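The values are calculated or read from the model by the stated rules, or taken from the named source; none is laboratory data. Because the structure is a prediction, the values reported are computed rather than measured. Counting neighbours? That spans all protein chains shown, and the Cβs are built from the backbone with ideal geometry, glycine included.
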Number of protein chains: 2
Amino acid sequence: MTNSTRTAPDASCAAPSLIALDWGTTSLRAYLFDAHGALLDTRSRAAGVMHVPAGGARAFDVVFEEACGDWLDRAPGVPVLAAGMVGSAQGWREAPYVQVPAGADALVAGLVTVTTSRGTTVSIVPGVIATGELPDVMRGEETQIFGALANDPMLDADRSGVLIGLPGTHAKWAWVKDGLIERFQTFMTGELFAALRDHTILGRTMRASASPDRAAFARGVAVARGAQRAGLLATIFSTRTLGLTDRLAPDAQGDYLSGLLIGHELNALDAMLAERGVALANQPLLLIGDDGLCARYVDALSVFGCTHARVVAQATERGLWWIASRAGLVRADGEPVCADQRID
Amino acid sequence: MTNSTRTAPDASCAAPSLIALDWGTTSLRAYLFDAHGALLDTRSRAAGVMHVPAGGARAFDVVFEEACGDWLDRAPGVPVLAAGMVGSAQGWREAPYVQVPAGADALVAGLVTVTTSRGTTVSIVPGVIATGELPDVMRGEETQIFGALANDPMLDADRSGVLIGLPGTHAKWAWVKDGLIERFQTFMTGELFAALRDHTILGRTMRASASPDRAAFARGVAVARGAQRAGLLATIFSTRTLGLTDRLAPDAQGDYLSGLLIGHELNALDAMLAERGVALANQPLLLIGDDGLCARYVDALSVFGCTHARVVAQATERGLWWIASRAGLVRADGEPVCADQRID
């Protein structure tokens, strides 16, 4: 597995076989794969679903052409697979959610297609919904989850299930077993942090720090862990009062608050696992997301006794390739021709 | 006790004896009392501490003159007492916090004074601080708390302590016993609600409702109560997902979220009381604050089995008068001349 994007140098491998799109709320990332799952090219646009001009399918078509038209010129007829908010009611075409427990078959069966102005067929991966008293939804994360699990020999051997965390604006935690997303929970941790920092009194005494203050972050996590029952509403004000009493420097307050929120998220996760008789410390656990944010979660998890969290790279592109393979959009070869270029 | 401000009609009572100021972050409220604690006049200005132009004491002096200059012309030498953020480091003059357990004697001993350009002495009530691992502070609420307790025959008889809730931007819950504020806790409930509504995805699907939707509010409270261990981060996203699944109308989402947050606040309060062996349902409980907000808390408390919460009106002006009396700024008469005008 590689963290960087590489371009296959061998012309025999360079025939594009798939364009894959990770098209979320705020950005569009596009991947061009060769026939063996190696990345030929990637690009990113700020044209997330919320930024696509009003105008329905035509507007998405224009953005897609702008981003990937040259790839389509080079390989007419190449299949296209997209995941994320592009399949929401506000997206290009709605791909109705599939219910948990959800596996590859359900995602493939739930693919919807849209045909572009030049005649290209774009398949869109459905999101996943958990109904019940409090419903929960994901779009895009299901693809990352299967990308993290695809070709992971450690997890193939593990039949007891795995916990997957996807930190971010709307952090998700999913329980996956036997190839099925069994349940999941969304935590608005990232968006809440930004709202508290930018739009409440807590931000007024904060000063940006040159680099993450890991001690302040760990302190926030520990305070949250010690205040499981008191909860978030009762603890966040301490960001200010510790500052007022000269016990938390202005440039440490942001990381302290980040630790508080992530600590409360892990409190909730711990409690949910405990209800099922599982300890966070013993649970196989993968993290998917931004490197810096995943590093914070690794630190926070260690405060909860979980020291074996593993960060998975390239889960998105791996997941898109894997779903395309399962859907028959690309041929799942037994042996790759360019082994060193495969994403594994 | 009356909810409205009345002006004493009897000239024999009309000699001003005290100007009292409730000078907080966002507004200034001024009260003119006669010699017996009856209100002669009140007024309100948007000139909260955060709106007073930079310029230190002189700027506060100007605002005070604008608001109360005619009262001072009418009664030169009248004493002035102020409470709230006016005594903070960003205020007119800093009145250092007094420590819990804090009673009237400590507040009176902690008064600081500032002399205005016309020579008037303004006494400023100190705030209260609870130190410890997580410090907590109040400024202004201590005055409201003693105002709620002053002359309350029910509470004079109660030696077991009383729980006082002050809903708002930064809601406070205080435990008061034998005339002392023993401990208190700040919850950023109001400010968090505003930040979530105005600056996160939750607000995007909300539509204002013509009147409070009590059923949606109660539903939010009940959901929070059932998710004590999962906590706030795990439940607020349901505001969106219930909307997405057509189970919560756009104009009910604001009240539902309000119920969720207040429910989580009461979860925390319930847990804190339980640690001391006290049940929320059995605790004598007063509420101080905006009528509409207090009504929400009465509803929410009933979901927690507490049906005896009592809303106290005019706690601020009663508290200012009471502290002025204790400080000897006004004479605490045995018998009021104008009994019907007394605030009790």
Fill in the blank from the handout: Wholly inside the range B:51-148, strands (runs of 3 or more DSSP E) that include 1 or more residues that are more than 23 Å from B:ILE164 (Cα to Cα) are B:80-83, B:112-115, B:121-124
Practice task
Could you check, for the range B:316-332, whether at least one of its residues is modelled with pLDDT under 90 and over 27 Å from B:ILE262 (Cα atoms)?
Solution key: yes
Exercise for the section: Inspect all residues belonging to the range A:186-195 and state whether any of them is outside any helix (DSSP H, G or I), modelled with pLDDT of 95 or more, within 26 Å of A:PRO250 (Cβ to Cβ) and facing chain B (nearest Cβ under 7 Å). Expected result: yes
Fill in the blank from the handout: Filtering the range B:173-192 down to residues that are out of contact with any strand residue (DSSP E or B) (no Cβ under 7 Å at 6 or more places or on another chain) and surrounded by fewer than 18 Cβ atoms within 10 Å (Cβ to Cβ) yields B:LYS177, B:ASP178, B:GLY179
Practice task
Enumerate the pairs (first residue in the range A:86-108 and closer than 15 Å to A:GLY56 by Cα and assigned by the TED database to the domain that holds A:ALA54; second residue anywhere and hydrophobic (A, V, I, L, M, F, W, C) and modelled with pLDDT under 95) with beta-carbon separation below 7 Å, excluding pairs fewer than 6 apart on the same chain, so at least 6 apart or on different chains.
Solution key: A:VAL86/A:VAL49; A:SER88/A:VAL49; A:GLN90/A:VAL49; A:GLY91/A:VAL49; A:TRP92/A:ALA57; A:ARG93/A:ALA57
Exercise for the section: For A:GLY226, work out the one condition from (1) under 24 Å from B:ALA268 (Cα atoms); (2) under 26 Å from the mean Cα position of the chain (by Cα); (3) not basic (Lys, Arg) it doesn't fulfil. Expected result: (2)
Problem - the range B:109-138, residues that are within 14 Å of chain A (Cβ to nearest Cβ), on the phi < 0 side of the Ramachandran plot and free of Cβ contacts under 8 Å to residues at least 24 places away in the same chain - result: B:GLU133, B:LEU134, B:PRO135
Completion exercise
Given the conditions (1) outside any loop (DSSP other than H, G, I, E, B); (2) hydrophobic (A, V, I, L, M, F, W, C); (3) at pLDDT below 90, every one holds for A:ALA8 apart from (1)
Handout entry: Top-ranked residue of the range A:34-76 - restricted to ones that are within 25 Å of A:GLU94 (Cβ to Cβ) and of a type in the set (Lys, Arg), ranked as surrounded by the fewest Cβ atoms within 10 Å (Cβ to Cβ)
Key = A:ARG58
